[in-house]
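A.B. asks: Input: one structure, supplied below.
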Amino acid sequence: MKARVHVMLKDGVLDPQGEAVRHALGHLGFSGVEGVRQGKVIELDLAATDAAAAEKEVVEMCEKLLANTVIEKYTIEIA
Amino acid sequence: MKAAVITFPGSNCDRDLAMGFEKAGAEVVRVWHKDTEIPAGVDVIGVPGGFSFGDYLRCGAIASRSPVGQAVVDFAKKGGYVIGICNGFQVLTEMGLLPGALMRNASLKFVCRPQKLKVATTDSVFTSGYGLGDEVVYPIAHHDGNYVIDAEGLARLEGEDRVAYRYVGNPNGSTADIAGVLSENRRVIGMMPHPERAVEGAQGGTDGAALFRALAGMGADA
């Protein structure tokens, strides 16, 4: 079973890297980019075969390590 | 006074930190990240700067969950003194011992230079060797020192007089120019600037020595 975790900065937390990407896009002529937020994707190969159990475990992983919930939020896809 | 200095893979200020303590007259024990206990009789733990675990995932994230990490948390929760410098500050926020988080510098540039700071409270053993508002120069060297905290958290820090140092000339975009913060019990401090790189003349300044002298002078009350 595979899980994909998307980690993004929470709304309202300024993203200096996203801003730099936005500026760079502007320099390349992409004038219509009004905002860029940069996050990360973490793919997990899990031994679990039950989707609900897997999701529960991945939530725990996010809370304990994969995301810093002071500044980040996460979403989980199980497949 | 006995200090424990932790070394993670990728720490690079651990020897400087040990020397800072030793020069002030403290006994230093070195602790490896796989150790699960802090040696008996330790009064203060130093979490050094560097790039623990290559800054993978987030700065300080892996170190804060390493075997010794839990021992540091337990030590702090029992009222032990802990100082985290630079990457050590990132580790302490990742452990949840200090509020807020350290993000990429607003300039996106690695900053490395002597940095002027203002001592924002003297109500902690770490800053007790200075006067309120004293200006000191400690070196900074970091890419992720942009201190972020929400409005509520900031109000709490300010209201409880828990900002230890502020930058004079903000180098990284930190909220309210915050360079160092204290825990609720004032026994845990995290700071981006490096006092251990300012303890003898050959380093270009000695403004950090008073911090280590104050710690070393704590005696047996810790």
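The values are calculated or read from the model by the stated rules, or taken from the named source; none is laboratory data. The model shown is predicted, which means the values in this text are computed figures rather than measured ones. Glycine also receives a Cβ, built like all others from the backbone with ideal geometry; neighbour counts cover every protein chain displayed.
A.B. asks: Does region B:85-108 hold any residues that are of a type in the set (A, V, I, L, M, F, W, C), at positive phi and touching a residue at least 24 places away in the same chain (Cβ under 8 Å), and which are they?
C.D. replies: Across region B:85-108, the qualifying residue is only B:86.
Conditions tested, residue by residue: (1) under 12 Å from the mean Cα position of the chain (by Cα); (2) away from chain B (no Cβ under 13 Å); (3) modelled with pLDDT of 95 or more.
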{"site": "A:5", "(1), (2), (3)": "yes, no, yes"}
{"site": "A:13", "(1), (2), (3)": "no, no, no"}
{"site": "A:24", "(1), (2), (3)": "no, no, no"}
{"site": "A:40", "(1), (2), (3)": "yes, no, yes"}
{"site": "A:57", "(1), (2), (3)": "no, yes, yes"}
{"site": "A:68", "(1), (2), (3)": "yes, no, yes"}
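A.B. asks: Is it the case that residue B:104 is within 18 Å of residue A:72 (Cα to Cα), out of contact with any His (no Cβ under 8 Å at 6 or more places or on another chain), charged (D, E, K, R) and within 14 Å of another protein chain (Cβ to nearest Cβ)? Please lay out each step first, then the result.
C.D. replies: Numbers: within 18 Å of residue A:72 (Cα to Cα): yes; out of contact with any His (no Cβ under 8 Å at 6 or more places or on another chain): no; charged (D, E, K, R): yes; within 14 Å of another protein chain (Cβ to nearest Cβ): yes.
For residue B:104, the condition - within 18 Å of residue A:72 (Cα to Cα), out of contact with any His (no Cβ under 8 Å at 6 or more places or on another chain), charged (D, E, K, R) and within 14 Å of another protein chain (Cβ to nearest Cβ) - is not met.
A.B. asks: Inspect all residues belonging to region B:108-130 and state whether any of them is within 11 Å of another protein chain (Cβ to nearest Cβ), farther than 18 Å from residue B:84 by Cβ, part of a loop (DSSP other than H, G, I, E, B) and in contact with a strand residue (DSSP E or B) (Cβ under 9 Å, 6 or more places away or on another chain).
C.D. replies: No.
This table checks each residue for (1) over 22 Å from residue B:142 (Cβ atoms); (2) basic (Lys, Arg); (3) in a loop (DSSP other than H, G, I, E, B).
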site: B:4; (1), (2), (3): yes, no, no
site: B:9; (1), (2), (3): no, no, yes
site: B:16; (1), (2), (3): no, no, no
site: B:36; (1), (2), (3): yes, no, yes
site: B:41; (1), (2), (3): yes, no, yes
site: B:54; (1), (2), (3): no, no, no
site: B:70; (1), (2), (3): yes, no, no
site: B:73; (1), (2), (3): yes, no, no
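A.B. asks: Continuing with this model, one more query. For residue B:74, which of the numbered conditions (1) within 14 Å of chain A (Cβ to nearest Cβ); (2) under 27 Å from residue B:213 (Cα atoms); (3) surrounded by fewer than 18 Cβ atoms within 10 Å (Cβ to Cβ); (4) not aliphatic (A, V, I, L, M) fails to hold?
C.D. replies: With (1) within 14 Å of chain A (Cβ to nearest Cβ); (2) under 27 Å from residue B:213 (Cα atoms); (3) surrounded by fewer than 18 Cβ atoms within 10 Å (Cβ to Cβ); (4) not aliphatic (A, V, I, L, M) applied to residue B:74, the lone miss is (1).
Results for (1) free of Cβ contacts under 8 Å to residues at least 60 places away in the same chain; (2) surrounded by fewer than 18 Cβ atoms within 10 Å (Cβ to Cβ); (3) farther than 26 Å from residue A:12 by Cβ; (4) among the small types (Gly, Ala, Ser), shown as yes or no for each residue.
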site	(1), (2), (3), (4)
B:114	no, yes, yes, no
B:119	yes, no, yes, no
B:126	no, no, yes, no
B:130	no, no, yes, no
B:135	yes, yes, yes, no
B:138	no, no, yes, no
B:146	yes, no, no, no
B:150	yes, yes, no, no
B:153	yes, yes, no, yes
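A.B. asks: Something else now. Please go through (1) in contact (Cβ under 8 Å) with a residue 12 or more places away in the chain; (2) within 23 Å of residue B:95 (Cα to Cα) for residue A:69 and return the number of the only condition it doesn't satisfy.
C.D. replies: Residue A:69 satisfies every listed condition except (1).
A.B. asks: Would you mind listing the strands (runs of 3 or more DSSP E) fully within region B:140-222 where at least 2 residues are of a type in the set (Val, Ile, Thr)?
C.D. replies: So the answer is B:178-182, B:188-191.
A.B. asks: Which of the strands (runs of 3 or more DSSP E) found entirely inside chain A contain at least 2 residues meeting this: exposed (fewer than 12 other Cβ atoms within 10 Å of the Cβ)? Talk me through it step by step, then tell me what you get.
C.D. replies: Numbers: elements: A:2-9, A:40-45, A:72-78.
Passing ranges, in order: A:40-45.
A.B. asks: Can you tell me which of (1) closer than 19 Å to residue B:126 by Cβ; (2) more than 14 Å from every other protein chain (Cβ to nearest Cβ); (3) in contact (Cβ under 8 Å) with a residue 40 or more places away in the chain is the one residue B:177 doesn't meet?
C.D. replies: (3)
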